């Protein structure tokens, strides 16, 4: 009984030491991004799945107003233009009989961020995500689902990269 009580006290002290160490090292939860602008117009294709996710993430940030109506685009402080979006599926491995054994999935996105007067805050930038996908005819349906999941993962990574780059802008003058 006494050992159990001592063990609980030591466990509690260990927990307090860990909490104190995490607080002392500067650890904190990720905060929503803060932008140097208050409104953004996102120029993306209406059918783009990546564009839809990008708009949803921008709308979720409380410090910026997302403008989606083309007629209201002139009211935005900055314009986010998705120049090009491309999904690729490349064969990278075959067996001796010529059957595909491995694919490489790629998602490329070119975008830029500019002010209404045309000065570029983020010059045209290409982001690339790629994942390898093993393939077997036996598991064709499950590999198709895995491919869709990998594309969604790459898409989410690219959207987060764009938002981080937008948040890194400190003023609305031309970024270096």
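The values are calculated or read from the model by the stated rules, or taken from the named source; none is laboratory data. What you see is a predicted model, and the numbers here were worked out from it, not measured in a lab. Methodologically, a virtual Cβ is constructed for each residue, glycine included, from the backbone with ideal geometry; neighbour enumeration extends over all protein chains shown.
State whether one or more residues within the stretch 61-72 are closer than 30 Å to residue 131 by Cα and either touching a residue at least 12 places away in the same chain (Cβ under 8 Å) or in the same structural domain as residue 135 (by TED's automatic domain parsing) (or both).
The answer is yes; a qualifying residue exists.
I'm checking my understanding of the structure. Among residues of the stretch 134-168 that are touching a residue at least 12 places away in the same chain (Cβ under 8 Å) and outside any helix (DSSP H, G or I), which one is nearest to residue 114 (Cα to Cα)?
So the residue we want is 134.
Does residue 83 qualify as being touching a residue at least 12 places away in the same chain (Cβ under 8 Å), over 18 Å from the mean Cα position of the chain (by Cα) and either on the phi < 0 side of the Ramachandran plot or not in a strand (DSSP E or B) (or both)?
So residue 83 does not fit the description; no.
Pull up the stretch 94-106, narrow it to residues that are over 26 Å from the mean Cα position of the chain (by Cα), assigned to a strand (DSSP E or B) and touching a residue at least 24 places away in the same chain (Cβ under 8 Å), then point me to the one that is surrounded by the fewest Cβ atoms within 10 Å (Cβ to Cβ).
The extreme case among them is 101.
Run down 158, 162 and say which single residue is under 19 Å from residue 63 (Cβ atoms), at pLDDT 95 or above and touching a strand residue (DSSP E or B) at 6+ places or on another chain (Cβ under 9 Å).
None of the others qualify; the one that does is 162.
Quickly run through the stretch 46-62 and pick out the residues that are surrounded by fewer than 17 Cβ atoms within 10 Å (Cβ to Cβ), assigned to a loop (DSSP other than H, G, I, E, B) and under 18 Å from the mean Cα position of the chain (by Cα).
Answer for the stretch 46-62, where residues must be surrounded by fewer than 17 Cβ atoms within 10 Å (Cβ to Cβ), assigned to a loop (DSSP other than H, G, I, E, B) and under 18 Å from the mean Cα position of the chain (by Cα): 48, 62.
What's the number of the condition residue 88 fails, among (1) touching a strand residue (DSSP E or B) at 6+ places or on another chain (Cβ under 7 Å); (2) in contact (Cβ under 8 Å) with a residue 24 or more places away in the chain?
With respect to (1) touching a strand residue (DSSP E or B) at 6+ places or on another chain (Cβ under 7 Å); (2) in contact (Cβ under 8 Å) with a residue 24 or more places away in the chain, residue 88 is out only on (2).
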